[in-house]
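First comes the structure, then the notes that go with it.
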Amino acid sequence: MQRVICAILPKLHHRENEKGAHVNQIYLSLGSNLGDRFMNLERAVLGLNQFCLLTAVSPVYQTSPWGVTEQPAFLNLCAAATTNETPHGLLTHLKYLEAALGRQVTYTWGPRVIDIDILFYNDWIIHDERLTIPHPHLAERAFVLVPLADIAPTLRHPQLGLTIAQLRQQVDSSDVTPFAETPLQLAWEN
Ligand code: ADP
Ligand code: MG
């Protein structure tokens with residue numbers, strides 16, 4: 001049922017988009033290590049269509065947990081989109097979407113049904129109590145850089161001055177293994 005509801009959202013969204021372009025380019029990182037991890041990612045990508053226009057979704061990778069290592073392996077992907085939301089408005093939408101998909105508040109870097117982080121918002125640099133953009137850990141996380149390099153290799157980090165392809169070369173990605181091809185095209189090809 002949820003899948004059907006989500007599947008019609010892109011159409012509504014596209015109609016809305018004809019009136020005004022989505023001006024802000026964003027990149028997101030999605031991860032899940034609880035329950036049906038692949039389905040959680042699928043639902044999250046579909047849900048993004050309520051406030052973003054997806055332009056690319058990476059393949060899915062399986063990765064060892066980062067930070068707190070005594071927990072199940074993650075599935076991760078990255079997505080590119082445009083949006084009219086402000087950065088803080090986008091974060092609010094993402095937190096609602098995480099909650100709607102069953103995310104419980106646990107502890108930092110703990111297991112989660114779904115985690116959606118904002119990696120980049122245009123080339124903006126933001127640092128306040130709610131939001132840090134570019135995401136502060138992205139340059140050290142192979143589980144972000146590997147899928148992001150699939151969809152945005154030439155994107156340049158506005159603070160580090162390096163491209164995603166260059167950053168990806170600098171991390172050990174031996175723990176990040178392909179899990180599935182881009183599974184979620186329903187969300188943006190309909
Ligand atoms: P984490 O993703 O670090 O494991 P959470 O998803 O629980 O942890 O996020 C904790 C808080 O991080 C969020 O409530 C949000 O306010 C903040 N935050 C800061 N910068 C970002 C960002 N770029 N993307 C997503 N959340 C962010
Ligand atoms: Mg998060």
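Things worth noting here:
- Gained length - N84 relative to L162, 0.36 nm times residue gap less alpha-carbon distance: 25.4 nm
- Only Cα pairs under 8 Å and 6+ residues apart enter the sum, and on that basis the relative contact order of the stretch 59-137 stands at 21 percent.
- Gained length - D172 relative to R130, 0.36 nm times residue gap less alpha-carbon distance: 12.2 nm
- Proportion of all alpha-carbon pairs of the stretch 22-189 beyond 29 Å (%): 10
- Here the calculated FRET efficiency for M39 and T69, from their Cβ-Cβ distance with R0 = 35 Å, stands at 0.90, rounded to the nearest 0.05.
- Summing +1 for each Lys or Arg and -1 for each Asp or Glu among the other residues whose beta-carbon sits under 9 angstrom from that of P59 gives -2.
- Net charge contributed by nearby residues that have their C-beta within less than 14 Å of D117 (K/R +1, D/E -1): +2
- Protection proxy ranking for 114-124, 47-57, 74-84, using the average of other Cβ atoms within 10 Å per residue and placing the highest first: 74-84, 47-57, 114-124.
- Length gained on full extension, Q104 to T55, computed as 0.36 nm times the residue gap minus the Cα-Cα distance: 14.8 nm.
- Inter-label distance for T154 and A180, nm, one decimal - labels placed 7 Å from Cα along Cα-to-Cβ: 3.1
Just so you know, all these numbers are worked out from the coordinates, no wet-lab data involved. Just so it is clear, the model here is predicted, and its values are computed rather than measured. Reconstructed Cβ throughout: ideal geometry from the backbone, glycine too, with neighbour counts over all protein chains shown.
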